Amino acid sequence: MHLAQLTGFTVGEILVVGRQETPRDALVDALNVDFGDPIFAIDLQTARERILALPWISSVAVERVLPDTVVVHLTERRPMAVWQHNNKQYAVIDREGHVLDRDSVSAFPNLLVVSGEDAPVHAAALIDMLRSEPQLMERVDAAMRVGGRRWNVFLDNGVSVRLPEEDPTEAWHRLAEYQRMHALLAKNIRAIDMRIPDKLILQAKGPQEPASEDAAATSGDDVKSQSGVAPRSAGSVNTGQPATGKSVRDKASPSKPVQGRATHDHGDAGKTAPGKTAAGNGGAGRTRPGKTAPDKATEGKVTARGHAEG
């Protein structure tokens, strides 16, 4: 090692490739390499294992480039959704359900909010299904996992959609077709129940509730704006900016008519849609009606994603 120092084989530069979300200080601590260290004294495997343990890291390679450079190649996990759990706890998750970030949720306003104890492991399948109907997906604000079996989806105009446990994809396609043919979401409804095969059951708004267009103006977007979190919008993703510093350099069946009458979904009684708990005026913050509960939600209460601490 002394000979290496005498001949100039010491660390003079640390080059990081692929970092976007991983905190710079956490990466520097995990690498545990300082300028002037003998380059041959670095345990590359140990450094790799420490970096791989960081939440955002999917894969990493650490190598020496003689005479004086350490290169770190990162592949980071991709954020997919915000998980709301334990009432008001929030975390960014990826497709595998790994928790990536608990402290900077507000930096990801365009991610879908999902709630429920087992929501992280089922969220990827849900989002793939929602994306199969892009126009309808643009109107989705949040989703709640109910009873560990199925999803309730909440739209930007305050309407909740109760998807079935069996074949929710077919129900989602059917709803999209009804919307194209009948402009269903412009009707005076508060809930759409699709749990019965080949049937669409609508729950009408009460006489004191605003129409869908008015509800949209006073729903979750106002809550997110008031809390400092911008509304989710298609095609806009905040990936963050790498930090700078001297010690590490980053290199950067559709034709059927709508049928059925309004009914109560007792499984949603007393629960609030994610992203819809408070608003300045109008329809946001309402709880859905019901008396008994065939579907018991895994969360007792869900609140707006914009209210994440930190």
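Overview of results
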quantity	calculated
Projected label distance in nm at LEU15 and ARG64, using a 7 Å step from Cα toward the beta-carbon	1.7 nm
GLN135-PHE40 FRET efficiency (beta carbon distance; Förster radius 51 Å; 0.05 resolution)	0.30
Mean Cβ count within 10 Å, highest first, over the residues of peptides 127-138, 53-64	53-64, 127-138
Gain upon complete extension [VAL99, GLU166; 0.36 nm per residue less C-alpha separation]	21.3 nm
Cα pair distances exceeding 23 angstrom across the range 1-151, given as percent	50 percent
Heavy-atom accessible area per residue - the range 46-88, 1.4 Å, Å²	49 Å²
VAL28-LYS199 pseudo-label distance in nm [points 7 Å out on the Cα-to-Cβ vector]	6.4 nm
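The values are calculated or read from the model by the stated rules, or taken from the named source; none is laboratory data. In this text, all values refer to a predicted model and were calculated from it rather than measured experimentally. Every residue, glycine among them, receives a Cβ derived from its backbone with ideal geometry; neighbour counts consider all protein chains shown. What goes into the accessible areas is simple: the full protein's heavy atoms, side chains included, and nothing from ligands, DNA or RNA. Shrake-Rupley method; radii C 1.70, N 1.55, O 1.52, S 1.80 Å.
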